[in-house]
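No lab work stands behind these numbers, since they all come straight from the coordinates. Computed from a prediction, not measured in an experiment: that's the story for all the values here. Cβ coordinates were reconstructed from backbone atoms using ideal geometry, including for glycine residues, and neighbour counts include every protein chain displayed.
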Amino acid sequence: MGIKKNNTRAFCLKILYKILHKNVFFSDALIKYQNEFDEFNDNDKKYIYQLVVTLIRRLGYIEKIINLYLEKPIRNPEIKIVLQIGVAQIIYLRTPNYASVNQTVGIIRPKLKTFKPLVNAILRKVINNQKDYIHIINSTDHMLPAWILNKWKRNYGNETTELIIKSILSEPYLDISIDFSQTKIFKKFNAKLLPNGSIRLRKHNKISSLPMYKEGNWWVQDAAATIPANLLLNRINNNRKKKLVIDACAAPGGKSIQLLRSGLNVFSIDHDKKRIETMVKNFNRMNLKHNIINTNFLNWEPTNLDISAILLDAPCSGTGTFRRNPDIIWHRKKSDIMKLSEIQMELLEHSFKILKVGGTVVYTVCSIEPEEGINIAKKILNLPNIKLSKITSEEIPKLKESITNEGFVQILPHYWSEFGGLDGFFIARFEKK
């Protein structure tokens, strides 16, 4: 797809085409076009990110509004995205009308110029007829594909589903894990101190330009993502230097950093070479000695290792991270959930196979789907050599509502709403008998 160089909207079109029609994740699409992206200045980069993420997060609404003014569906995927870019600017980014129309129409390639009058007309109708679609914008029923929306309503009820969606529609934040004694370095950023000890930044500069980044005094990690490692550490109180812990599916490494900084001997395992590269950079910046193993955890058969604990952050649908990763919304299929649950069960079974008797497994997924969470946890408890290590409300500050009757944890995205919400996670802790 040929686009004009240094044109932010044209670049967004290129990225969005990959995301919406080639099922490429936003981060991977940026990597593919990294050289072109680097040519933009910082303000343009922010605008590109804002436009792409806003469009993906609000895509269900945008498509519904565009359809109000179409006599028949547009088949050309590139023109569909051009229209979506225009509507996202008009309604959600509050871009001046002339720019939303003229500059958006201007990114249509010459070979598709016959679509220019149609795009121009529809965008002007959106500008001049807000009363036509105000009911769409004010509803929470258009954000998700129908299969996810209906599934959540069945599992959590209409009221909770609406709270989850409203949380997902809000802008993501930046959570930082840092020693409490050093939180003062972020005072000028109006950082919030969260109940788990993380600090949260609503607005921030480029991450690498934040204070003490190069010195390795902190790392980026969602507040909810810190909980699984802390729950594991609660079961390893003595002689930590002599305890071997496995962080399975470890990249990008936030949980491994927690475990390493607590004094444990940690093996960090992941099969993805690119994600391991990121993990190595993070460990080196934090001045942490590490043992990284590049392999599929299911194929790892250790010998003569006395493994005290395993932290299994299993591959999952990622439905708990829709706010941070809205592209997942449009990539996931209903059939993915069952396929992933089979992999999760295999990973858990392998964990207990290599774990020593008396050892601990913490299983977690950034999903709010029962098939990947509570159903898996109940199923693994049917095995004869496994018992549940119940999680208590004292272990997770101000998240009492996330504790299930069984002693599992199911964090939903609207929890801690007074602080801006959380990523959704399921967590269960087990012991090998």
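Observations
- In order along region 359-373, phi translates into HN-Hα couplings of x, 10, 10, 10, 9, 8, 9, 8, 9, 10, 8, x, 4, 9, x Hz, rounded to whole numbers, per the Karplus curve 6.51 cos²θ - 1.76 cosθ + 1.60 with θ = phi - 60° and x for Gly and Pro.
- Packing, as the average of other Cβ atoms within 10 Å across residues, places the peptides 139-148, 311-320 in the order 311-320, 139-148, highest first.
- Helix 42-57 axis, angle to the chain major axis (alpha carbon atoms, nearest 10°): 90
- Pairs from Lys255/Lys333; Lys353/Lys379; Lys379/Lys433 whose Cα-Cα separation, in the structure shown, is over 18 Å: Lys255/Lys333
- When you work out D = kT/(6 pi eta Rh) for region 1-86 at 10 °C and 1.306 mPa s, using the Kirkwood radius from C-alpha pairs as Rh and the Stokes-Einstein form, the result is 118 µm²/s.
- Degrees separating the helix 116-128 axis from the principal Cα axis of the chain, which is the longest one: 80
- Fraction of antiparallel bridges per DSSP, the chain only, in percent to nearest 5: 50
- Gaussian network model of the chain, Cα within-10 Å springs - most flexible of Asp132, Asp222, Asp247: Asp132
- Amide H contacts of Gly407 (H built 1.01 Å from N, under 5 Å, at least 5 apart or other chain): none
- Judged by the gyration tensor of its Cα atoms, with axes a ≥ b ≥ c, region 90-177 is prolate; a/c meets the 1.5 cut and a/b is the larger of a/b and b/c.
- The chain: calculated mean residue ellipticity at 222 nm from DSSP helix runs of at least 4, using -39500 (n - 2.57): -11500 deg cm²/dmol
- 0 to 90° range, to nearest 10: angle between helix 8-21 axis and the chain longest Cα axis: 60
- Across every direction, the projection of the convex hull enclosing the Cα atoms of region 174-220 has a mean area of 2.9 nm².
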